[in-house]
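Inspection log for the structure reproduced underneath, given as C-alpha cells.
Each reported figure results from applying straightforward, stated rules to the coordinates on display, with no laboratory input. Everything quoted here is computed from the prediction, not taken from an experiment. Quick reminder, even Gly has a Cβ in these numbers, built from the backbone with ideal geometry, and neighbours come from all protein chains shown.
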Amino acid sequence: MDRTEKICDIIEGSSYVVFLGGAGVSTESGIPDFRSKNGLYHKKKKRFASYEPEYLLSSECLRKKPEVFFEYYRENLDARAVEPNDAHRALAAMEHAGRLAGIITQNIDGLHQKAGSRNVQEIHGTIWTNHCVSCGREYDSDFIFDSREEVPHCLDCGRTVRPDVTLYGELLPDEAYDRSIRMIQKADCLIIGGTSLEVGSAAQLAHMYHGRSFIIINKTKTKLEGKADIVVHDSIAKVLKSVTELMGIWQDDDT
Ligand code: APR
Ligand code: ZN
C-alpha cells in the first residue's frame with residue numbers, strides 16, 4: 001500500500017480529523033513562506049536589511065516605526081488577489097465530505113475560507129480585517145493596502161489603523177486558540193502540513209495532541225517527525241489532491 005493509500009485509510013478510519021498548517025500550504029498559490037531558502041525571511045530587500053525579520057512583523061515595530069512596518073506589510077503580505085491551490089481545495093472537499101472536522105492555520109491570507117472551508121481557526125489572525133488602535137472602528141483590507149498615507153489613520157479619531165494580525169510580541173487571539181485546543185484534544189487523527197513548527201503556538205498545539213494517528217506532510221524535516229505514523233516530504237498540494245482523488249471527493253476547480 002503506498003503512502004497516499006495509507007493516509008486515505010487512516011482518515012477513513014478516523015472520526016475527528018484535524019489539520020494544522022502554515023505558510024507552506026500557500027506557497028503553491030505564489031505566497032512565499034518564511035523560513036525556506038526563498039522564504040520571506042531570506043529575501044529581505046536592502047531597505048529592510050538592518051531589521052531582524054521578526055522585528056518587521058512585531059508590535060514594537062508597529063508602535064515605534066509604523067512607516068517601516070506598513071511598508072514591509074504592504075509589500076509582502078497583500079494576499080487579496082491570491083487564489084487557493086489544490087491543498088486548500090482538497091481540505092475544503094474533505095470538510096464538505098465530513099472527513100475533516102476543521103483547520104487550525106498560522107496563515108493570515110484567508111485562502112482556506114476562499115476555497116470553501118468553514119471551520120478555520122486563524123491563530124495568527126488575518127489580513128482581511130483591521131481596526132483603529134484607539135476607538136476600535138473596523139476597516140477592510142483595502143483601507144490599509146490601498147491607503148495613500150504611509151501610516152493609515154482612523155477616519156473617526158485620527159489614530160493608527162492596524163491589521164488584525166497577531167504580531168510578534170502579542171498574545172494569540174483567545175477564541176481561535178481555545179477552539180484549536182479543544183479540536184486537538186478531540187482529534188483521533190492530526191495532519192500537520194506546510195509548517196516548520198518553528199513558532200511556539202503551532203508546536204505547543206502539536207504537543208497537546210495524544211490521539212491515535214499522526215501524519216506530517218512537509219517538504220522539509222520538522223522536529224516532530226519521530227512522533228508521526230506517516231511522514232511525507234513532498235508538496236502538500238500534490239499529496240492532499242491524490243488523497244482526495246482516492247477518496248473520490250476531489251472536485252476540479254472548474255466544477
Ligand atoms: N508543500 C509542503 N511543504 C511546504 C511547501 C509545500 N508546497 N512549501 C513550503 N513547505 C514547508 C517548508 O519546507 C517549511 O518547513 O512549509 C514550511 C514553512 O515553514 P515556515 O516558513 O517557518 O512557515 P510557518 O511554519 O507557517 O511559520 C510560522 O512564523 O513568522 C511566523 O507568523 C509567522 O505564521 C508564521 C509562523
Ligand atoms: Zn479611531
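When the inverse distances between all different Cα atoms of region 203-255 are averaged and flipped, the Kirkwood radius reads 12.8 angstrom. Using the Cβ-Cβ distance between Glu60 and Gln185 with R0 set to 41 Å, the FRET efficiency from 1/(1 + (r/R0)^6) comes to roughly 0.75. Extending 7 Å from the Cα toward the beta-carbon at both Tyr41 and Asp234 defines two label points whose distance is 2.7 nm. For region 8-103, report the % of Cα-Cα distances exceeding 18 Å. Beyond 18 Å sits 58 percent of the P(r) for region 8-103.
Quick check: net charge around Ile230, other residues with Cβ under 9 Å of its Cβ, Lys/Arg +1 and Asp/Glu -1? Don't skip to the answer; put the middle values down first.
Details: positive: Arg3, Lys6; negative: Asp229.
It works out to a net charge of +1.
A P(r) calculated from all alpha carbon pairs of region 133-255, with 5 Å bins opening at zero, reads 2, 9, 14, 14, 13, 13, 12, 10, 8, 5, 1, 0 percent. Between Asp146 and Ala49, the modelled label-to-label distance comes to 3.5 nm, taking each label 7 Å out from Cα in the direction of the beta carbon.
For the chain, what is the charge dipole size about the Cα centre, in debye to the nearest 20, if Lys and Arg each add +1 at the Cβ and Asp and Glu each add -1 at the Cβ?
For this selection, approximately 760 debye.
The GluC sites (Glu not before Pro) of region 96-150 meeting both criteria, a DSSP state outside H, G, I, E and B (loop) and at most 15 other C-beta atoms within 10 angstrom of the site's C-beta, are Glu149, Glu150. Of all lysines in the structure, those lying under 21 Å Cα to Cα from Lys227, and not within fewer than 8 positions of it along the same chain, are Lys6, Lys186, Lys219. For the chain, the calculated P(r) over all alpha carbon pairs, in 5 Å bins from 0 to the bin holding the longest distance, is 1, 6, 13, 17, 18, 16, 11, 8, 5, 3, 1, 0, 0 percent. Distance between the modelled labels on Met1 and Arg80, one decimal in nanometres: 4.7 nm (7 Å Cα→Cβ projection). The simple Förster model, with R0 at 35 Å and r as the Cβ-Cβ distance, assigns Arg118 and Asp252 a FRET efficiency of 0.95. Counting lysine pairs in region 8-164 that sit 8 or more residues apart in sequence, or on different chains, and whose Cα atoms lie under 21 Å apart gives 9.
If you stretched the chain out fully between Glu175 and Lys227, how much longer would it get, using 0.36 nm times the residue separation minus the C-alpha to C-alpha distance?
Values: separation 52, 0.36 × 52 = 18.72 nm, distance 2.78 nm.
That works out to 15.9 nm of additional length.
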